[in-house]
1. Given +1 on the Cβ of Lys and Arg, -1 on the Cβ of Asp and Glu, and no further charges, what dipole in debye does the chain carry about its Cα centre, rounded to the nearest 20?
2. Along the charge dipole of the chain, which of 56, 106, 76 sits closest to the positive end, that is, farthest toward it, with unit charges on the beta carbon of Lys, Arg, Asp and Glu (+1, +1, -1, -1)?
3. So what does residue 28 come to for accessible area, using a 1.4 Å probe and Å² rounded to 10?
4. From Cα pairs below 8 angstrom and at least 6 apart in sequence, can you work out the relative contact order of the chain, rounded to a whole percent?
5. Over the Cα atoms of the chain, compute the convex hull volume and normalise it per residue, giving Å³.
6. If you count only protein heavy atoms and use a 1.4 Å probe, how large is the accessible surface of residue 85, to the nearest 10 Å²?
Amino acid sequence: GKHRIVIPCLGHFKEEYEKVSKLYMNNKIRTTKYTLLNFLPRNLFEQFHRVANLYFLFLVVLNWFPLVEAFQKEITMLPLIGVLTIIAVKDGVEDYSRYKMDKQINNLLTKVYSR
């Protein structure tokens, strides 16, 4: 069976507690989707899974060929960049609110059984 080791985090046991507790996973909650490093690539990856965004990307790429060019290249990019930016900001704000909620939950005081 599984064995559990409980060492109280009290004065003279502090060193033992820190030594043993490094061996185990922590119980922090993380419901956020992104980190600062992976936000841009992961968000773009998710956004280009939407067919509409792929369609507009296709139009932007197609417009870079002189034979097909219907508008100025830069003007064709504006709607796609605008939509991607708005959705990224929305996703970022939602993820940040999840981060704040996680932080609040992870810092709650809990009762610990002690004889």
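1. On the way: 17 positive and 10 negative charges, 180 e Å.
Dipole size: approximately 860 debye.
2. 106
3. Roughly 140 Å² of residue 28 is accessible to a 1.4 Å probe.
4. On the way: 45 pairs, mean separation 34.2, N = 115.
Once normalised by length, the contact order is 30 percent.
5. Numbers: hull volume 20.9 nm³, N = 115.
Cα-based convex hull of the chain, divided per residue, equals 182 Å³.
6. Roll a 1.4 Å probe over it and residue 85 shows about 70 Å².
The values are calculated or read from the model by the stated rules, or taken from the named source; none is laboratory data. Computed from a prediction, not measured in an experiment: that's the story for all the values here. With ideal geometry, Cβ positions are generated from the backbone for all residues, glycine too; neighbour counts draw on all protein chains shown. Only protein heavy atoms, including side chains, enter the accessible area calculation; ligands, DNA and RNA are left aside. Shrake-Rupley method; radii C 1.70, N 1.55, O 1.52, S 1.80 Å.
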